[in-house]
Each structure stands twice: as structure tokens, then as C-alpha cells.
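Engineer: Below you'll find the structure I mean.
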Amino acid sequence: MKLCRKVGEGAFGEVFSTTNSSGDAVALKIIPVEGCDRVNGEEQKTFGEILHEIIISKELSSLKEKKHNQTTGFIGLKDLHCVQGCYPPGLLKAWDSFKTQRGSENDRPDFFSEEQLFLILEFEFGGSDLENSNGQLASVMVAQSILHQVTAALAVAEQELCFEHRDLHWGNVLVQSTKEKEASFLLDGTNHSLETRGVSVRIIDYSLSRLEIDGLTVSCDISADEELFQGRGDYQFDIYRLMRQENGNVWGDYQPHSNVLWLHYLSSKLLTMTYKGRGWRGVKQARLDLQRFHDNVLAFRSASDVLYNCGLFQ
Ligand SMILES: Nc1ncnc2c1ncn2[C@@H]1O[C@H](COP(=O)(O)OP(=O)(O)OP(=O)(O)O)[C@@H](O)[C@H]1O
Ligand SMILES: [Mg+2]
């Protein structure tokens, strides 16, 4: 646990980066389950309530090996663990450093008993999320590539799995630098590639997502989650209401336009972010192109429709 760092948090869990036994950089999403102690003001989830996130993580991770619809745009799931006991001191130390440096809304996870169960999703390490990359990205050209990579990944998952992410805010898009100039993907059996601009994107966090496997729907019924629909102060919270308006609060159905709503949100975030290289040649045009994407994207039916027909990606 020497190289262990806390990298993020949510109401249901803590995320730490470390190296696994094979020497790979991984992110461990640690979720307390089945216990009676309230965590961060919430009831703990049951195994049953986590199952859908595990199934979806596995399906999307497997898209990197598919022969017809293939993408590396979703985070790789490497392993799944179930452990029992209290939080180890090494993780608490990493938790404290994170709180000192970045602050935390969560309870210090030092109150769990020896009986407490945790599910640990072991993901590939995907970089830092867009929210934490503000001011770090090279230019608005990189922003265009990020949008292209997200759209391509969503399109592939729509085609293969009738997938809707439903919570694609900027904390759920990871970026890290890559030496590869191009990223390729397979859509309906056809190979495509796009310019990475030095950045590789991974989509994470499927706690609200929906997909179909062999005609069976895996989704999360949020129809009664009033709190989720009452948020104010950022366009992100309008998106939950817009999705509900469009699907009539029926969350089992497939409405790929929800992916388009999140692309609209993401393009607005990318337009307001700051970039290191503001004065480079081509930057002004790139910003105008991104603005045009934002102005027009809502008219498309799905991420696949955006990928095939939107001017920015032709
Ligand atoms: N594979 C990963 N690589 C790098 N960082 C990650 C990874 N997974 C998660 N993170 C970091 O941890 C944060 C929280 O993770 P995630 O979004 O999966 O959990 P969450 O928001 O708690 O989910 P939930 O909505 O289920 O509560 C992310 O915003 C990101 O900064
Ligand atoms: Mg999240």
C-alpha cells in the first residue's frame, strides 16, 4: 500500500490509486455493503443494489475485445474483490492527505467494525477527471478530441448494448496523456480512427447507466429519487430533469437522446474550461467549431447520429 493515494470520492465510496500484484497502475473503488452503519449520511448499499454497476462495468470493459463494435473508451475492469474488516491504516493515511489537500465531503472511514463487508472494483487507472484537469489541458483542440473520443465510445456502446450513461458529468470523464497519435474504434464492423491530440479518454461511473444484454435490460430505477431531480446551480442538474422529461420517468426504456443531452452538457463545460495554449494558431477556429457543435448537437437522435452526421467529426 506504499504507493497508495486517494484520487476521488462519491457518496457511496472512496477511490484509491495503487499498483496491483502484476505491477499495473489501478484504481480501487471501495464500497461498503450490507452493513447497518450509515456512511456519508446514506444507508449502505446491498449486494443487489451494486450488482447492476458491476454488470455494466464488465460489459463496457469487454467492448475493447469485441469484433464488431469495439472501443477502449470505457474504463477497463480488471478484478472484483469482496473483503471484510476495518479500513487499513495505509488507506486512512491516504484519505487524510486527500482531505488536507483537496477537502472531503465524506466521513473519515475509521468507524467500520471487523464484520464490515466491502466490494472493491479494481479498474485500470484512467488518469484525472475533467473537473480536476481544468487549466491543465493543452488547448481547445484537445477539447475537441475529448468530445470526439467520448462520442465514439458512446456510439459503439449504443450499437452493441443499447447503452445510455445517464450521468456523464465532468467528474466521470478521465483523461491521461498518450504517445499514440490516433485512437481507433470499430462501429458496425467498420474501422474508424480519430486524432488523440496527445490525450486518451476513459468514461467511468455507471451507477445510473442502462444497457441490454440478449434482450434483458439492466438499469437503475431512479423514478422516485426526488433529490436527484432537485439540484440547482449547474447545467448538470438540469440534465437529470431533461432526461426525465424525455423518457416520462420510465428508466427501463432505451432513449439514446440522453447521451446527446450529456454531450451538450460536456461541450458547454469544455467551452468554459481554461487551456494552457490560448494564443496558438487555429485555436480561434477550433473554439468556433466547438461552439457550433454545442449550438447544434441537441438536434441529433443519439451519439451514433452525432458521430456519423455532425460537422465537427467529418
Ligand atoms: N479508474 C479510475 N482511474 C482514475 N481515477 C478514478 C477512476 N475511477 C474513479 N476515479 C476518480 O474517483 C472519482 C469517483 O469515482 P466514481 O465516479 O466512479 O465514483 P462515485 O462518483 O462515488 O460514484 P457514485 O456516483 O456511484 O457514487 C472520479 O471522479 C475520479 O476522479
Ligand atoms: Mg462519479
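Bear in mind these aren't lab numbers, they're just calculated from the coordinates by the rules spelled out. Everything numeric here is computed off the predicted structure, so don't read it as measured data. For neighbour counting, all protein chains shown are included, and Cβ atoms are generated from backbone atoms with ideal geometry for every residue, glycine included.
Engineer: Packing-wise, with mean Cβ within 10 Å as the measure, how do 180-191, 119-130, 85-96, 146-157 rank, highest first?
Structural biologist: 146-157, 119-130, 85-96, 180-191
Engineer: Sticking with this one: With +1 on the Cβ of every Lys and Arg and -1 on the Cβ of every Asp and Glu, and nothing else charged, how large is the dipole of the chain about its Cα centre, in debye rounded to the nearest 20?
Structural biologist: About 1740 debye.
Engineer: Here's something else I'd like to know. In degrees from 0 to 90, rounded to the nearest 10, what is the angle of the helix 235-247 Cα long axis to the longest principal axis of the chain?
Structural biologist: Orientation of helix 235-247: about 80 degrees from the principal axis.
Engineer: So what's the angle, to the nearest 10 degrees on a 0 to 90 scale, between helix 257-272 and the longest Cα principal axis of the chain?
Structural biologist: 90 degrees
Engineer: Here is a follow-up. If contacts are Cα pairs under 8 angstrom and at least 6 residues apart, what is the relative contact order of the range 128-313 in percent?
Structural biologist: Answer for the range 128-313 is 30 percent.
Engineer: Normalised by the residues of the range 5-124, what does the relative contact order come to in percent, with Cα pairs under 8 Å and at least six apart?
Structural biologist: So the answer I get is 33 percent.
Engineer: Return the whole-Å distance between the Cα centroid of the range 248-293 and the Cα centroid of the range 29-49.
Structural biologist: What the calculation gives is 34 Å, centre to centre.
Engineer: Under a straight-distance cross-link criterion of Cα-Cα below 25 Å, which lysines are reachable from K99, leaving out those fewer than 8 residues away in the same chain?
Structural biologist: K2, K6, K29, K45
Engineer: Where the only charges are on Cβ atoms (+1 Lys, Arg; -1 Asp, Glu), what is the dipole of the range 5-124 about its Cα centre, to the nearest 20 debye?
Structural biologist: Here the size comes out at about 560 debye.
Engineer: Binning every alpha carbon pair distance of the chain at 10 Å from zero, what are the percents per bin?
Structural biologist: Calculated over all Cα pairs of the chain, the distribution is 6, 26, 35, 25, 8, 1 percent.
Engineer: Given contacts defined as C-alpha pairs under 8 Å and at least six residues apart, what's the relative contact order of the range 227-314, whole-number percent?
Structural biologist: The normalised contact order for the range 227-314 reaches 28 percent.
Engineer: On a 0 to 90° scale, report how tilted helix 140-161 is relative to the longest principal axis of the chain, with both axes built from alpha carbons and the result rounded to the nearest 10.
Structural biologist: 70 degrees
Engineer: Next up: Please report how far the C-alpha centroid of the range 70-84 lies from that of the range 148-177, rounded to the nearest whole angstrom.
Structural biologist: The two parts, judged by their Cα centres, are 15 Å apart.
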